[in-house]
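**Student:** There's a structure below that I have some questions on.
The values are calculated or read from the model by the stated rules, or taken from the named source; none is laboratory data. These numbers were taken from a predicted model, which means no experiment stands behind them. For neighbour counting, all protein chains shown are included, and Cβ atoms are generated from backbone atoms with ideal geometry for every residue, glycine included. Quick note on the areas: whole protein, heavy atoms, side chains included, nothing else; ligands and nucleic acids left out. Shrake-Rupley method; radii C 1.70, N 1.55, O 1.52, S 1.80 Å.
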Amino acid sequence: NGDLVEARLADGKLECAILQGSRPGFEMCHDMVKQGDAWVGSAMKHPDMPGFMSFNGTVVVFGDELRIKGCALHEAFCDSETWTRAQ
């Protein structure tokens, strides 16, 4: 959607915050932890959803791409996006 997001490690956990775009400062990943080749967590947020909603999330990095997936009701309702590293 054109947002600029910073994905970074803080105390060994993944955080993904919008820097510019729809909701600057909005944190999506909420301290995801590394499991194998993926980062996982149960408190993922989406900027277009109500604040009380959280999702089971998975983030995988492939070169210059970050593939992010969030699911509600276990795996019943999922959405995913691929983010590309800004130049």
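**Student:** Taking a ≥ b ≥ c as the square roots of the Cα gyration tensor eigenvalues, with a/c under 1.5 meaning rounded and otherwise prolate when a/b beats b/c, else oblate, which class fits the chain?
**Tutor:** rounded
**Student:** For a Förster distance of 35 Å, can you work out the FRET efficiency between the beta-carbons of ALA76 and LYS13, rounded to the nearest 0.05?
**Tutor:** Calculated value: 0.85.
**Student:** ASP64 to SER42: FRET efficiency via 1/(1 + (r/R0)^6), r the Cβ-Cβ distance, R0 35 Å, to the nearest 0.05?
**Tutor:** Values: r = 27 Å, r/R0 = 0.78.
Using R0 = 35 Å, I get an efficiency of 0.80.
**Student:** Additional query: I'd like the chymotrypsin sites (Phe, Trp or Tyr not before Pro) in region 27-87 restricted to DSSP loop residues with at most 15 other Cβ atoms within 10 Å, sorted by number.
**Tutor:** PHE52
**Student:** In nm, give the distance between the simple-model label positions of GLN87 and GLN35, each being 7 Å from the Cα along the Cα-to-Cβ direction.
**Tutor:** For the pair GLN87/GLN35, the computed spacing is 3.7 nm.
**Student:** Which percent of the accessible area of the chain is formed by carbon and sulfur heavy atoms (probe 1.4 angstrom)?
**Tutor:** The nonpolar share, carbon plus sulfur, comes to 51 percent.
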